[in-house]
Each structure stands twice: as C-alpha cells, then as structure tokens.
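The structure appears below as structure tokens.
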Amino acid sequence: MKKLALIFACLISIDALACRFNVRDVGFVDLGSEPYRLFIFVPEGTPTSEMELLESTAYATYLDSNVKASVLSPKDAFKGKAAQFVPRELTQAQAVLVSPDGKQSLPVKLSAEGKPLAVSAWDGLESVFDSERRNSVISKVYEHYCVILIMEGKNIEENQRIRDLANRVVKSISGQMDKLEKEIREPPVVEIISIKDFNSEKAFLWSMGITEISETPQVAILYGRGRMIGPVLRDERLDERSLKAIVNTIGLNCECGLDRKWMQGTMVPQKWDEDLQKRFANQLGFDPESPAIRLEMSQILAKGGKGQGTNRQTPIGGSLDDLLMGYREGSLKEPEAQEPQTSVEQKNTDPEKPITTEVKPKKPPQSRSMIGWIMIVGASILLTGCAILIFARNKNS
C-alpha cells in the first residue's frame, strides 16, 4: 500500500505541472488586489446620528464589493491617508472615491436638494457601481471572452472607423476560438458608450482611466471579473494590431509567460456576492473564491513567467511595446519570447571565394499538449507500480 500511495503522489505532482487555467480564468480570481477607498467627509460637529446613518448606509451598499468606505471628520482625516482628499469647503457631507493605487480621485455627490440625507446618500453611494450602461457592459464581461469598450469621441468619422476596426478584431478572434486549449463559450463583443451617456457613466469610465471626452474614441478591454487588460488605447496607440494583440492574450494558457500585471489588471468598482460566485463557479469549472484555487494560481504565476514547453526566463509583455514585439498576427498561441533558432549551412563551391552561409529557419518540433504528456507519463508510472506490486506479491507467496 505504501508503494501504491507513492505512485499516486507522483501522479499528483506531475498533474500539478499543467496549467488548467487560461488568462481569462485568472481574471476572475482576486489574488490580493487593493480595493477602492471611499472617504465620506463630514463637517466638525456633525451629529452622531447622522454619522451612524452614513456608516450603516455605506456598509450595506459596499458589502461584498471591492470598495471600502469610511466616515471621517477633517480632524480624523488629517491623521491618515485621507488627508490629501479632504475638500477645501466642507459644509455638508461629501464623498471622494480613490483609485486602488491611491493616485486618482473622483468626487461623489451625497446631497440632493429636496431629498433627506438618508435617500440622497444611498443614491450617491450606489452611483459608484450602479448605472444603466455599466450594468449592461459588466454582465457581458462576465459571460464573454471579453468586451471591447469604445468611448466615443467628438469625431463621428473616427467613431465609425474604430467601431469597424473593433468588429474586425472580434471576427478574427472568434474564428480561432476552437483552437484554444481551454474552451471559452462566448466570443468577444463590442460595446459603445456614447457622448450623451458620459456624465451618467462618469464613475465607470473614471475607474478605467477615461476622464474626459476627447476628439477621437478611446478603447478599454475588460475581461474576467470586470478587469482591464492593458492600457486604454487612444490616438496613435489605437490600431488594429495593438487591439488584436491585447485581446489575443486573454485566451492564452496561464503559464504563457505573460507579465502578471496583465492578468491581474485593475477591476472596476463592483459587487461580487455569493450568487455571482456560485453562478460562475459552475460556468468556469472552479470556485474563484476558493483558497486552494488562489494558492494554486499564485504558485503558477510566481514561477517567473516560464511558459509551457519553453524555457522563458523573463515575463512577456511588461509594456504594450514588449507585447507587440512577441505578437504574431492571426494567432491564439503564446507570444514568442524570442526569435526562433536558425540552422546555418555552409557552402564553399569555389576555394577562392569566401565561405557563404545560407540561413534556414529551423522547423519547430510538433507540439503535443501538456495533458497528453501527463497521461502518457502517468500511465507509464501507474503500470510500473502495478508491476512492482504484482512481483512483490508473487515473491512473498
């Protein structure tokens, strides 16, 4: 029995070498990302009952979300990290939403004329992650390969051109999804936020780094649990190759060597309650909130970016330029970490002429899936173990 246990332990160890997740899967798991902070500032001398009302409303609103709220007087705020966000004039309760990196902030209105604070504060706090277009977009992000989100610009012709460009990328990626190592059921989709919707979607757009309406469109790619992948594409960076390269990475094996920051991009503000968790655990085939899954993914991503079947020493795609250097058009395969090796054939037909070299690309070996290798090796070990057990029993008898 001890020998049999040892055999099974070997099989488990080999199986652990394979990555059963893709980049999209990693995007559903929170591996320790910083939350958004919402500071609710109240004037000195605010009644305790009003502060308790704001605290209870904020707690109920942001339960099961990636937003953490706190109610502070100026005196308390100046003692901590909230000091730089205290409003200059504080005559009534005001809130400020701060990005996970602490570098960006957005005012959140809590008071409304003709409404009691209990009502207006609730509406204001919910506006952080509750708006019509945002809700529609995020629901599609959860279900699909990704969402290519276009914030329209003032130039109508450019809006149409970028929309056509995004649709071409969707068509290209959709046509290759059957080649993915792990199935993703729904293809990428394109979503548009019009100029007229900008104000009502200000918090949503702000969380992605879109803070104003520009002359030309701006594009963000969302995947997994409402994460951004790559930077906002705008101006000269917004072209078909850049967009396709970023979207392409979402379907890659999680051991593709991609820089971890691409796989754990900033999430938009959102609720992630138990119902959503169960729903997508069934769809994904694993529980994104499981400590074991988090540990497994952390260990995979901590390997230093070595890709499956390769010997990569540095992560791919530290920046968009790095990603584009390794990207090959029309491929859902892993980005190349380096140029393929070449073989050099020497020719010398004339002794008086120098030797010339003919460089021929070295044909890559035919790849076999990691699961296939695991099955072959595992079966071999299992058969060997069984043979050992049978031999031992025969010897004893």
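Values quoted throughout were computed directly from the atomic coordinates according to the rules given, and no laboratory measurement underlies them. What you see is a predicted model, and the numbers here were worked out from it, not measured in a lab. Neighbour counts run over all protein chains shown; Cβ positions are idealised from the backbone, glycine included.
Key figures for this structure:
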| quantity | calculated |
| --- | --- |
| Phi to ³J(HN,Hα) by Karplus 6.51 cos²θ - 1.76 cosθ + 1.60 over the stretch 130-140, Hz, x for Gly, Pro | 9, 8, 4, 5, 4, 4, 5, 5, 5, 4, 6 |
| Relative contact order for the stretch 36-126, counting Cα pairs under 8 Å that sit 6 or more residues apart, in percent | 35 percent |
| Residues residue 111 and residue 51, FRET efficiency given R0 of 25 Å [Cβ-Cβ distance, rounded to 0.05] | 0.95 |
| Cα centroid separation, the stretch 78-144 to the stretch 41-64 (Å) | 13 Å |
| Full-extension gain in nm, residue 281 to residue 295, via 0.36 nm per residue minus C-alpha separation | 3.4 nm |
| Residue 199 versus residue 177: modelled label distance in nm, points set 7 Å from Cα along the beta carbon direction | 3.7 nm |
| Restricting the stretch 182-218 to trypsin sites (Lys or Arg not before Pro) in coil, as DSSP defines it, with at most 12 other Cβ within 10 Å | 185 |
| Sparse-neighbourhood loop sites, trypsin sites (Lys or Arg not before Pro) in the stretch 106-152 - DSSP loop, at most 14 other Cβ within 10 angstrom | 109 |
| Fraction of beta bridges assigned by DSSP in the stretch 36-126 that are antiparallel (%, nearest 5) | 60 percent |
| Gyration tensor over alpha-carbon atoms, the stretch 36-126, equivalent ellipsoid semi-axes in Å | 18, 16, 12 |
| Local electrostatic count, residue 71, Cβ distance below 10 Å [Lys/Arg +1, Asp/Glu -1] | -4 |
| Formal net charge of residues neighbouring residue 101 (Cβ-Cβ distance under 14 Å; K, R +1; D, E -1) | +3 |
